[in-house]
Amino acid sequence: MQNILVPIGISNYAKSTLEYAIDLANSLGSTVYAIDAYPSYSSLTSITNVNARLAKENIQRIRNLIDQTGSKTSNIKIVESERDLIGTIKKLDQTIGIDLIITAPLNNEINDEVFLGRIAGSLIKRTDISVLVAPLEKCFDPPKKMLLAFKTGEVKGSSTLKAMIEFQDKFKATLKLLLVKIPRFSDRNHYLDDLLMQRSENLIYSENATVYQGVLEHFQANQPDILIVFKRERGFFVKLWESDLIYKRDFYCRVPLLVLKNKD
């Protein structure tokens, strides 16, 4: 895993998220790219010197956060964000290749009812890059137990499992599979990718109304250090991801959440 992108918001959690990303990157030998998650542009777009000053202030804010982490690594680079954050990330991915995005659940919001704010939600919904949602104010701890929850084990692309495999190999983590049979469960859903079966130590079946309810049923018994899910164009959380803002009443995870992009 070479390149990790970290959108830095303006919340009080920005520093801890950056520290989490740096610790993970050091473990993997990766380069961290920090980007402003909330670029401040003047509504008077014709005043270019105002926009330039605001952009400079944002870059300095990120530099200050990096200094505050006391990081001894030199593998941290700052990316200037344009008005369209997602567009900037897609361009960067095309240029250097981004292997993983690490984000806080909340980058700029202050709302106890929200699990994923608009930045985190849009990163999951609008990019093809794997996203790791780091718990707020938690230090990185190498995962030893991973749980992959899904309603179909069909893997669409060779790169879909890349982040999960690197985590498993680097940290010698065990992997359990949770196949949730939801209403209208079809024979197609029984398909399990051969690589998933080879890398897992156990396959758990659950019958629930949603995949999330299946996770709730088996989470405590398995106590994973990281929860892994697929984001499909028409699949897991299909209704949940319609909005960039995701409330705790609909989904909540207190351990790191790794979202793999499994395009249909």
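We did not get these values from a lab; they are worked out from the coordinates using the rules stated. The structure presented is a predicted model; accordingly, all values stated were derived computationally and were not measured. Cβ placement follows ideal geometry from the backbone for every residue including glycine, while neighbour counts extend to all protein chains displayed.
General remarks:
- The listed peptides 170-177, 3-10, ordered by packing as a protection proxy, come out as 3-10, 170-177 (highest mean of other Cβ atoms within 10 Å first).
- Separation in nanometres of the label points that stand 7 Å from Cα toward Cβ, at residue 191 and residue 245: 3.8 nm
- Under the simplified labelling scheme, the residue 145-residue 59 pair shows an inter-label distance of 4.7 nm, with each label point 7 Å from Cα along Cα→Cβ.
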